[in-house]
1. Report the Stokes-Einstein translational diffusion coefficient (µm² s⁻¹, integer) for the range 111-287, Rh taken as the Kirkwood radius over Cα pairs, at 37 °C with viscosity 0.692 mPa s.
2. Starting from 0.36 nm per residue, how many nanometres of slack lie between Val144 and Tyr256 once their C-alpha separation is accounted for?
3. In whole Hz and in residue order, list the ³J(HN,Hα) couplings for the range 258-271 that follow from phi through the Karplus curve 6.51 cos²θ - 1.76 cosθ + 1.60, θ = phi - 60°; x for Gly and Pro.
4. Please list 3J(HN,Hα) in residue order for the range 203-208, calculated via the Karplus relation 6.51 cos²θ - 1.76 cosθ + 1.60 where θ = phi - 60°; whole Hz, with x for glycine and proline.
5. Need one number: nm distance between label points at Leu158 and Asp272, each 7 Å from Cα along Cα→Cβ, rounded to one decimal.
6. Can you give the net charge of the other residues whose Cβ lies under 9 Å from the Cβ of Asp76, counting K and R as +1 and D and E as -1?
7. Residues with amide H under 5 Å of Thr74's amide H, sequence separation 5 or more or different chain, H placed in the peptide plane at 1.01 Å from N; which?
8. Could you work out how much longer the chain between Ile244 and Met114 gets when fully extended? Use 0.36 nm per residue separation minus the Cα distance between them, nm to one decimal.
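Please treat every number below as a calculation from the coordinates, not as lab data. Being a predicted model, the structure only gives us computed values, none of them experimental. Positions of Cβ are backbone-derived with ideal geometry, glycine not excepted, and every protein chain shown enters the neighbour counts.
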Amino acid sequence: MKKTLVLAACAFVSVQAVFAQNTQSATYQQKAGAAATQQANEASLKQGEPKLKVNTTTTTTSVYDSSVRNKRGTTDSVVVQQSVTNAQGQTTTDGEVYESFTPSKAALTNDKRMEVSVAAGQTYSYNKDNRDDRYGSNGLAADVNMLWHMSPNFALGLDYMMLHPSNKTHHADGETRNYDDIYLHGISLAGKYTLNAWSNWRVYVPMGWGMMNARMKTHSDALRSSNDKWGTGFYAGLGVQYDITSCLFAGLEYRYTYAFISDKDLSSYGSDKDLQYHSAFLRVGMRF
């Protein structure tokens, strides 16, 4: 009986061992199969999935400076150029232009339309009386004008001019003739034509036409007189000025003045000649 029990126990143990071995073998195979299936699936997915590319770029920046100057001013340009190469090797070039403009002094001057100036200088007249003697010598000349610049080259406005040659005395035929005062006042419609309006040194032509009044005082041993006469007249000349700043200028100006006023209407010694003057001015003015 005991022998039978022992044999049964051994058989049971053997059966358990075989069952345990079979169970472990099945679990291992199941895990291995699952892993193999997963690897196969991953491999299959990778075959159908496109390869990702990293979109890296390379940027090259170039800067070019240039400066262009003309009569109106200076233009400074900066060009920033970029060349971009993508991952596929394609290169694209693009750029930005940055500009700055600095107007010239002449341009700033021309932007200002109103001009006011004063002038002082010397005047001289070649007019002679009926005894071939001159009425006066070098004297004072003064001028004030106000102009509106309609364009960089041409201006129009008003002008007041005063010419005062110095008095002169003559002795002839036992008679003394004294030309005490000789005045010419003129109010004119004034013009100014600038030949080179885009330069700091400017050459211009002054011109005007208007009403003029001449006065002459004389006395001699026998008589004394003081006469004045109105008439029309004109002036024309040539000037040069320098723009110290865009607002302030100074220069020299020559004028020839002709008044349609006969000296016979001013003095008993007149020779029936119209009055003529040559004048030189130092002029200063402002534009605004």
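1. Using the Kirkwood radius from Cα pairs, D works out to 193 µm²/s.
2. 38.7 nm
3. The phi angles translate into 10, 10, 7, 10, 7, 5, 5, 7, 10, 8, 6, 9, x, 10 Hz.
4. 9, 9, 10, x, 7, x
5. It works out to 3.8 nm between the two label points.
6. Taking every Cβ under 9 Å from that of Asp76, the sum is -2.
7. Thr102, Ser104
8. 45.2 nm
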